[in-house]
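The values are calculated or read from the model by the stated rules, or taken from the named source; none is laboratory data. Note that the structure is predicted; figures quoted are calculated from it, not measured. Using ideal geometry, Cβ is built from the backbone for each residue, glycine included, and neighbour counts are taken over all protein chains shown.
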Amino acid sequence: MRFWQKYPAVGLASARSNLAYLGEVTSRVIFLGIILYIFLRLWKVTFTQAAAQQLGGFTLEQMLWYLAVTESIMLSAPRVAQLVDEDVRTGALSVQLIRPMSYPLYRLWTTLGERLVRFLVNSAVAAAVVCLLVGPIKWSLPGLLIFVLSLPLAFALDFLGNFLVGLGAFWLEDTTGLLLIYSRVTMIMGGMLIPLELLPDAIRTAFQTLPFASMVYGPAKLFVHPDVPTLLDILARQSVAVLVFALVIAAVYRLAMRRVFANGG
Amino acid sequence: MKRISSYLALAASYFQLNLKAQLEYRGAFLSQALAMFLNNIAWVAFWGLFFHRFPVLRGWTMHDFITLWAVVAAGFGLAHSVFGNALLLPSLIARGQLDAWLLYPRAALPHLLLGRMSATACGDAAFGYLVYLAVVKPDLQHFLLFTAFTVSAAMAFVGFSVLTGSLSFYLGNAEALSEQWRFAMITFSTYPATLFEGTVKLLLYTLIPAAFVGYLPVEALRSLSAADAALAVTGSAAILVLGACVFHLGLTRYESGNLMEMRG
Amino acid sequence: MELAVELEGLRKTFTVTRGKGLSRTRTEVVAVDGVSFTVPSGQSVALIGPNGAGKSTTIKMLTGILNPTSGEARVLGLVPWKQRSRLAYHLGAVFGQRSQLWYHLPPGDTFDLLARIYELDRADYARRRDMLIERFGLGAFLNTQVRKLSLGQRMRAEIAASLLHKPSVLFLDEPTIGLDVVARQELRDLIRQWNREEGLTVFLTSHDAGDIESVARRVIVVNHGRVVLDDKVSTVRRRYLGSKVLSVKFHERPATVELAGVSVVKTSDYALKLEVDTRIAPIELVINKVLEAGAVADITIEDPPLEEIIAHIYAAGAAGSAAEEVRTA
């Protein structure tokens with residue numbers, strides 16, 4: 001039991017240390033403001049040209065709130081892949097191995113702690129900006145709860161993806177390219193800029209089946225249209241994806257560890 | 001004249017050496033350049049999906065949008081594959097690392113900017129030219145004009161990086177601020193300025209001069225408008241001149257050593 | 001005699017801001033406080049002093065990187081901070097901590113680039129390069145990436161690179177830092193030879209007493225931004241080196257050695273370490289006394305390390321300037 005208790009403590013420590021950098025985190029919100037303003041203009045023009053009240057089941061206000069959530073999620077991603085890459089190359093990972101702590105779990109919890117702080121800051125700013133641009137959205141406490149419930153596994157899933165990219169450092173000269181591709185795929189297939197409803201049917205189905213939609217699109221959609229069946233659907237998708245990712249990572253990690261023990265890291 | 005050719009030869013030498021140094025880690029260089037190439041393709045493909053649903057955006061078609069991405073990416077890529085240090089200027093200044101460049105008998109700014117090549121910028125440049133040729137399929141006249149605009153956009157990007165980077169002379173370490181400002185410029189440059197109105201539109205010609213690198217070149221290519229072309233080039237040149245002036249004013253502060261990091 | 005470097009009342013102050021907002025305070029820190037000296041062309045000078053004494057600020061002003069607050073300087077007849085670019089053609093600089101060689105490329109590539117930067121004539125450059133390669137023994141690793149070179153090889157290439165354009169003045173900042181004993185000596189010999197043969201004016205800053213002794217003829221000590229000593233290395237040696245250290249090992253327990261001018265530094269059962277003031281007690285006399293004291297197994301005579309001398313000078317300089325402040329107050 002004690003073995004498991006230390007991880008939330010690690011996460012808490014990470015969250016607290018990130019609170020200290022709040023100033024730095026806040027300096028990044030200028031970008032958030034700008035991008036949301038651009039989206040407002042883009043969609044305002046699009047709605048006007050389409051002469052529509054709703055597109056894909058979203059009003060202009062809902063569209064902006066949807067984008068506020070997806071941007072808050074994407075921009076709160078900690079630099080996990082870079083950290084893992086660094087730990088692999090500097091041999092810090094081998095040092096971690098002699099601690100009574102699992103390296104992947106240690107990273108998972110520090111990441112979640114950091115992400116929580118960054119997500120809270122981002123979403124507060126995004127909410128303020130969108131309120132200013134298009135006004136508040138109708139919300140309820142149960143609805144908010146549904147949204148919040150969809151987040152932990154979404155963040156965990158994104159962590160696993162990043163961790164996998166970072167482990168690439170065992171075999172690749174450089175992982176920044178891979179990371180760039182991963183994050184771009186997450187943005188586009190995850191529906192960061194456009195709700196999946198507005199895409200051609202075949203593509204929409206494909207994107208929805210892939211795990212990226214349950215990291216970004218899922219929670220954002222639940223924020224705008226909270227309902228329990230959708231939540232259960234997303235949780236199920238997230239669970240399956242987490243399981244698959246975890247299995248892949250376990251296999252890759254084992255392979256990597258064999259390398260560490262063979263080459264001394 | 002002799003001076004200009006001497007600097008061109010210097011630039012060629014640096015480009016060659018930078019490339020050679022990058023190729024020492026061929027895998028890393030190629031994977032970063034390729035990743036940036038694919039990244040841009042992914043964005044353009046994404047906008048393809050958008051335009052599939054909404055074919056015309058205030059008179060702009062998919063075709064115009066791809067031209068916009070091509071000219072911005074090629075301009076940005078050209079700028080930072082030759083003058084890669086432009087992006088690192090804030091940290092070079094804040095850490096007092098200009099010293100090394102000041103020991104050489106060359107104009108500090110151009111010499112210093114040549115000192116590095118960005119691998120991802122090479123991917124950007126390759127993407128810009130290739131996608132323009134492959135998707136837009138221009139005639140010779142359009143292609144030449146396009147190439148000229150990539151050069152003017154590169155001037156604007158270098159000038160803007162220098163301008164924002166030089167803030168570090170005045171504000172100490174202004175890395176975060178100059179980065180945000182640059183992000184704003186890059187982000188705005190990949191959207192058609194027709195989306196914006198009033199004050200914000202004015203902003204795109206002044207504080208965040210994104211119109212000169214993307215919007216105006218595309219308008220000029222669309223209608224072969226000399227006025228738009230002249231404005232794009234003049235604006236870009238103005239940014240470069242302004243950036244160089246702010247740098248040189250800042251450099252006298254550096255030389256007089258008001259920076260904390262310069263003690264010792 | 002032609003002067004390579006002239007400084008007159010050179011002074012540099014920095015404004016340091018502390019705190020934020022209302023509690024912000026500005027304090028003026030004096031880094032260089034009215035330094036004056038001249039260096040004739042072809043001389044080799046060591047500029048030494050503890051960290052923060054103002055050495056590197058002085059060098060930065062001499063190379064045109066920093067503007068002085070007041071005072072004048074001329075290097076090769078040019079005002080460095082006004083004619084930086086023109087002067088740079090005639091200056092060479094090696095900073096032990098910061099390389100001008102491209103890390104991922106062979107030294108030869110950097111040489112080619114430097115030829116462009118200094119606008120060297122193709123043929124002249126080729127001749128000069130080949131000569132340097134031979135003299136510095138770079139042939140074996142000219143085409144090996146710098147990252148794969150040993151530190152000694154790297155520093156040799158580094159100095160050769162800074163000599164490509166035939167500079168008249170060479171600034172060396174901690175050139176031997178991190179090198180092993182052999183590489184250190186090799187490098188010092190090369191610098192000294194160059195100084196003699198090409199009439200190169202050498203400006204050395206170093207914390208290594210060996211560097212100073214084997215490279216420089218003159219030593220200028222700065223502390224708290226002022227020159228506290230300026231003399232020939234040999235004179236400094238003579239003046240402060242009036243003592244020798246004698247370490248003796250005995251086969252048996254020795255009798256005590258007592259002599260005016262001799263003090264016991266350390267003593268144990270079979271060993272003895274003595275410091276001898278040779279102006280009072282000639283060394284032969286002391287050795288005789290030691291031989292009388294017991295059966296000697298081993299004996300070594302050494303100069304006290306220059307480090308100690310330097311530390312002594314710094315201390316004296318600090319005391320001197322403190323006294324001066326009291327006087328002016």
Selection status of B:Leu140, hydrophobic (A, V, I, L, M, F, W, C), free of Cβ contacts under 8 Å to residues at least 40 places away in the same chain and within 14 Å of another protein chain (Cβ to nearest Cβ): no
C:Gln185, sole failed condition from (1) under 16 Å from the mean Cα position of the chain (by Cα); (2) crowded, with 19+ Cβ neighbours inside 10 Å; (3) not aromatic (Phe, Trp, Tyr): (2)
Subset tally (residues that are within 13 Å of the chain's Cα centre (by Cα) and either within 21 Å of C:Lys60 (Cα to Cα) or assigned to a strand (DSSP E or B) (or both)) for the range C:216-233: 6
Single condition C:Lys12 does not satisfy, out of (1) touching a helix residue (DSSP H, G or I) at 6+ places or on another chain (Cβ under 6 Å); (2) more than 13 Å from every other protein chain (Cβ to nearest Cβ); (3) of a type in the set (D, E, K, R): (2)
Subset of the range C:142-155 (residues that are part of a helix (DSSP H, G or I) and either crowded, with 19+ Cβ neighbours inside 10 Å or in contact (Cβ under 8 Å) with a residue 40 or more places away in the chain (or both)): C:Val146, C:Arg147, C:Gln153, C:Arg154, C:Met155
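Restricting attention to the range A:15-28, does a residue exist that is among the hydrophobic types (A, V, I, L, M, F, W, C), within 11 Å of another protein chain (Cβ to nearest Cβ) and in a helix (DSSP H, G or I)?
Yes, some residue in the range A:15-28 is among the hydrophobic types (A, V, I, L, M, F, W, C), within 11 Å of another protein chain (Cβ to nearest Cβ) and in a helix (DSSP H, G or I).
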Among (1) surrounded by 18 or more Cβ atoms within 10 Å (Cβ to Cβ); (2) farther than 26 Å from B:Val200 by Cβ - the single one A:Phe47 does not satisfy: (2)
Breaking point among (1) within 14 Å of another protein chain (Cβ to nearest Cβ); (2) farther than 30 Å from C:Glu28 by Cα; (3) buried (at least 21 other Cβ atoms within 10 Å of the Cβ), for B:Pro209: (1)
Residue pairs meeting the criteria (Cβ under 8 Å; at least 6 apart or on separate chains; first within 25 Å of B:Thr190 (Cα to Cα) and touching a residue at least 40 places away in the same chain (Cβ under 8 Å), in the range A:33-60; second crowded, with 18+ Cβ neighbours inside 10 Å and polar (S, T, N, Q)): A:Leu55/A:Thr46
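Would you check if C:Thr57 is within 19 Å of B:Tyr254 (Cα to Cα), buried (at least 24 other Cβ atoms within 10 Å of the Cβ) and either within 10 Å of chain B (Cβ to nearest Cβ) or in contact with a His (Cβ under 6 Å, 6 or more places away or on another chain) (or both)?
So C:Thr57 fits the description; yes.
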C:Leu170 vs. criteria surrounded by 21 or more Cβ atoms within 10 Å (Cβ to Cβ) and not in a helix (DSSP H, G or I): yes
Hits in the range A:182-199 - residues which are at the interface with chain B (Cβ under 9 Å from one of its Cβ atoms), closer than 11 Å to A:Gly56 by Cα and not in a helix (DSSP H, G or I): A:Ile194, A:Leu199
Hey, A:Phe119 of a type in the set (Phe, Trp, Tyr), within 14 Å of chain B (Cβ to nearest Cβ) and part of a helix (DSSP H, G or I) or not: no
One residue from B:Ile93, B:Ile66, B:Ile41 being hydrophobic (A, V, I, L, M, F, W, C) and away from every other protein chain (no Cβ under 14 Å): B:Ile66
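Residues to consider are B:Gly75, B:Gly48; find the one that is crowded, with 22+ Cβ neighbours inside 10 Å and either within 14 Å of chain A (Cβ to nearest Cβ) or under 25 Å from A:Leu179 (Cα atoms) (or both).
Selected residue: B:Gly75, the only one of B:Gly75, B:Gly48 that is crowded, with 22+ Cβ neighbours inside 10 Å and either within 14 Å of chain A (Cβ to nearest Cβ) or under 25 Å from A:Leu179 (Cα atoms) (or both).
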Of all residues making up the range C:270-292, the number that are assigned to a helix (DSSP H, G or I) and either closer than 14 Å to C:Pro254 by Cα or under 31 Å from the mean Cα position of the chain (by Cα) (or both): 7
The range B:106-120, residues that are farther than 18 Å from C:His104 by Cβ and among the hydrophobic types (A, V, I, L, M, F, W, C): B:Ala107, B:Ala108, B:Leu109, B:Leu112, B:Leu113
Qualifying residues in the range B:191-206 (those that are assigned to a loop (DSSP other than H, G, I, E, B) and in contact with a Phe, Trp or Tyr (Cβ under 7 Å, 6 or more places away or on another chain)) - the one nearest to the other protein chains (Cβ to nearest Cβ): B:Pro192
Any chance B:Ser236 is buried (at least 21 other Cβ atoms within 10 Å of the Cβ), under 30 Å from B:His111 (Cα atoms), touching a Phe, Trp or Tyr at 6+ places or on another chain (Cβ under 9 Å) and more than 14 Å from chain C (Cβ to nearest Cβ): yes
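Residue-by-condition table, conditions (1) assigned to a loop (DSSP other than H, G, I, E, B); (2) surrounded by 17 or more Cβ atoms within 10 Å (Cβ to Cβ); (3) on the phi < 0 side of the Ramachandran plot; (4) modelled with pLDDT of 90 or more:
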| residue | (1), (2), (3), (4) |
| --- | --- |
| C:Leu101 | yes, yes, yes, yes |
| C:Ala115 | no, yes, yes, yes |
| C:Arg127 | no, no, yes, yes |
| C:Asp130 | no, no, yes, yes |
| C:Ala140 | no, no, yes, yes |
Selection within the range C:62-107 - within 11 Å of chain B (Cβ to nearest Cβ), small (Gly, Ala, Ser) and over 23 Å from B:Ile4 (Cα atoms): C:Gly64, C:Gly92, C:Ala93, C:Ser99
Helices (runs of 4 or more DSSP H) (entirely within the range A:48-106) containing at least 3 residues that are within 14 Å of chain B (Cβ to nearest Cβ): A:60-75, A:80-90
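Every residue, every condition in (1) modelled with pLDDT of 95 or more; (2) small (Gly, Ala, Ser); (3) more than 14 Å from the chain's Cα centre (by Cα), yes or no:
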position	(1), (2), (3)
B:Phe127	yes, no, yes
B:Leu133	yes, no, yes
B:His142	yes, no, yes
B:Thr150	yes, no, no
B:Met155	yes, no, no
B:Gly159	yes, yes, no
B:Leu163	yes, no, no
B:Leu167	no, no, yes
B:Pro192	no, no, yes
Top-ranked residue in the range B:157-190 [being without any contact (Cβ under 8 Å) to a residue 60 or more places away in the chain and out of contact with any Phe, Trp or Tyr (no Cβ under 8 Å at 6 or more places or on another chain); ranked as farthest from B:Asn40 (Cα to Cα)]: B:Leu171
Which listed residue, of A:Leu179, A:Leu235, A:Leu243, is farther than 26 Å from B:His52 by Cβ, part of a helix (DSSP H, G or I) and without any contact (Cβ under 8 Å) to a residue 12 or more places away in the chain: A:Leu243
